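Visitor: One structure is given below, represented as C-alpha cells, and several questions about it will come after.
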Amino acid sequence: MEEIYRNVSARLRTRVLGLETVALDCGQTENPSAPALALPAALVDVSYPECSDITCLVQQCRVSISVRVVFRGAPEAADPAAELSLLEDVHNALQGWTDDTLSCLSRTSVVPESRHDGLKAYRLEFGTAFEEEE
C-alpha cells in the first residue's frame, strides 16, 4: 500500500500544479484540532477491497484509490470554476496511468461530499489491480 500511495501522490504533485497539499487522507478535514490544511488539497487513500489467492504466496488484488479534492467553498473560493477544474486535472493525471506495479488506473466515480464547514470536497475513485507476491 505504501508504494502505491507514494507513486500516486508523486504523480499528483507533478501533474496537478494547482494543488497546495497532497497527503495521506487521515481525516484532516473532519478533525477540528488537526493542523490547518493548505488548500486546495488532494487527500489520498488506498484500499484493497478484494484479494484472491493465485498460489500460496501470490495474490491478485483489486485496488481502490480514493482522492479527495478539497477547497474553500463559496463565498471564500477565489475562483470556483478554476478550483473545479482541479477535478479534471486529477482525472487527467491518473486515468489510464500505470507504473511498474499497477495495471492502468480507471476512474470509477466522482461524488461531491455534503459538508457544513465552509469546505467543498469531491471524492474521485479509481480502480486497478495487481499481483502481490510474498
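Visitor: Could you give each residue of region 40-51 its phi-based ³J(HN,Hα) in whole Hz, using Karplus coefficients 6.51, -1.76, 1.60 with θ = phi - 60°, and x for Gly or Pro?
Guide: x, 10, 10, 10, 9, 9, 10, 9, 10, x, 8, 9
Visitor: Roll a 1.4 Å probe over the protein chains and send me the accessible area per residue for region 76-134 in Å².
Guide: Using a 1.4 Å probe on heavy atoms only, each residue of region 76-134 averages 57 Å².
Visitor: Using DSSP to define loop residues, name the GluC sites (Glu not before Pro) in region 14-72 whose beta-carbon has at most 15 other beta-carbon atoms within 10 Å.
Guide: For GluC sites (Glu not before Pro) across region 14-72 that sit outside H, G, I, E and B with at most 15 neighbouring Cβ atoms in 10 Å, the list reads E20, E30.
Visitor: Hey, what do the phi angles of region 108-123 turn into as Karplus ³J(HN,Hα) couplings, whole Hz, using 6.51/-1.76/1.60 and θ = phi - 60°, x for Gly and Pro?
Guide: Here the 3J(HN,Hα) series is 10, 6, 9, 9, x, 9, 7, 10, 10, 10, x, 9, 10, 9, 10, 9 Hz.
Visitor: Run the numbers for E50 and L84: contour at 0.36 nm per residue of separation, minus the present Cα-Cα distance, in nm.
Guide: 9.1 nm
Visitor: With the chain treated as a Gaussian network of Cα nodes joined by springs under 10 Å, which of A121, A36, A93 yields the largest mean-square fluctuation?
Guide: For the chain, modelled as a Gaussian network with Cα springs under 10 Å, the answer is A36.
Visitor: Then there's this: Give me the tail of P(r) for the chain as a percent: Cα-Cα pairs with distance above 26 Å.
Guide: In whole percent, the long-distance tail amounts to 25.
Visitor: Also: Relative to the present Cα-Cα distance, how much length would full extension add between T98 and Q60 at 0.36 nm per residue of separation?
Guide: On the way: separation 38, 0.36 × 38 = 13.68 nm, distance 1.64 nm.
Once the chain is fully extended between T98 and Q60, it gains 12.0 nm.
Visitor: In terms of modelled amide H atoms, which long-range or inter-chain residues lie less than 5 Å from the amide H of A129?
Guide: Here V63, S103 satisfy the definition.
Visitor: Oh, and also: Which whole-angstrom value gives the distance between the alpha carbon centres of region 1-33 and region 53-124?
Guide: 10
Visitor: Expressed as a whole percentage, what fraction of the accessible surface of region 8-134 belongs to carbon and sulfur atoms when a 1.4 Å probe is rolled over the protein heavy atoms? Don't skip to the end; give the middle numbers.
Guide: On the way: 3560 of 6970 Å².
In region 8-134, the share of accessible area belonging to carbon and sulfur is 51 percent.
Visitor: Moving on. How high is the FRET efficiency from E133 to R15, r the C-beta distance, R0 41 Å, rounded to 0.05?
Guide: Taking R0 as 41 Å, the efficiency between E133 and R15 is 0.90.
Visitor: Hey, another quick one. Out of residues 5 or more away from L24 or on other chains, whose amide H comes under 5 Å of its own, with H placed 1.01 Å from N in the peptide plane?
Guide: Here the answer is V44, since their amide H atoms fall under 5 Å of that of L24.
The values are calculated or read from the model by the stated rules, or taken from the named source; none is laboratory data. Remember, predicted model here, so these are calculated numbers, not experimental data. For neighbour counting, all protein chains shown are included, and Cβ atoms are generated from backbone atoms with ideal geometry for every residue, glycine included. Side chains included, ligands, DNA and RNA excluded: accessible areas come from the protein's heavy atoms. Shrake-Rupley method; radii C 1.70, N 1.55, O 1.52, S 1.80 Å.
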